[in-house]
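Quick note: the coordinates plus some simple rules give every number you see, no bench work behind them. Predicted model, so just to flag it, every value in this text is computed and none were measured. Cβ atoms come from the backbone with ideal geometry, glycine included; neighbour counts cover every protein chain shown.
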Amino acid sequence: MTGSDDTSVDPNEEQGVWSLNGGELAEQGDVETYRDDGVECLTYSNPFSLEVERIWFDGKVVFAVECGEVELEFDDKRAVRGNRVAQEYQVVYSVELDEDGKLVGDEEPERVPGQYNIYDSVPGMEKYSPLWQFNYVVVPRDYRPNKLRSEEDCLTSAYPIEKSTIVEN
């Protein structure tokens, strides 16, 4: 069954793999994960008017919503204690972190305009978490936006990476 073969859901069913359209449930069949151009095949009505952002994952564009910053405990290597976090890379011209891995003062990193952030995982992967630890990839001014499109690109780029203790959901 494909997404175009959706059928109505029995009103006695409590849960399932369904799509919703105007409050009407339909069984959802197999859906392609990515379009041919590498963009995630996502339908999302955004009922709470959240900001949606484009993110790179393994050279493909996926979509995400941010639900706010979360305070977690870290060890001295900036590894989280007691929670699993995924890694998010933000490509910046500059960033200043204090000894605790937090941004200095109210200074936001100087982001590269037009560059999408980069995720190391997506739902369904073992290392996925809805909690994202920020890593800042510091690039020179002549960097071309979106040249980095995956965690591997970041890690093999030779650009310095500043690991923070900033976590968002």
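Key figures
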read-out	value
Computed E for residue 126/residue 161 - FRET, C-beta separation, R0 25 angstrom, nearest 0.05	0.65
Three-way shape label, the stretch 47-168, alpha-carbon gyration tensor, a/c 1.5	rounded
Listed peptides 54-67, 30-43 by packing density, highest first (mean Cβ within 10 Å)	54-67, 30-43
Nearest-20 debye value, the chain charge dipole, Cβ charges on Lys, Arg, Asp, Glu	660
Given charges at beta-carbon only (K, R positive; D, E negative), |dipole| of the stretch 1-87 in Debye	460
Length-normalised contact order for the stretch 58-165 - Cα pairs under 8 Å, 6+ apart - percent	33
Pairwise Lys count, the chain - Cα closer than 24 Å, eight or more residues apart or different chains	10
Gained length - residue 152 relative to residue 93, 0.36 nm times residue gap less alpha-carbon distance	19.3 nm
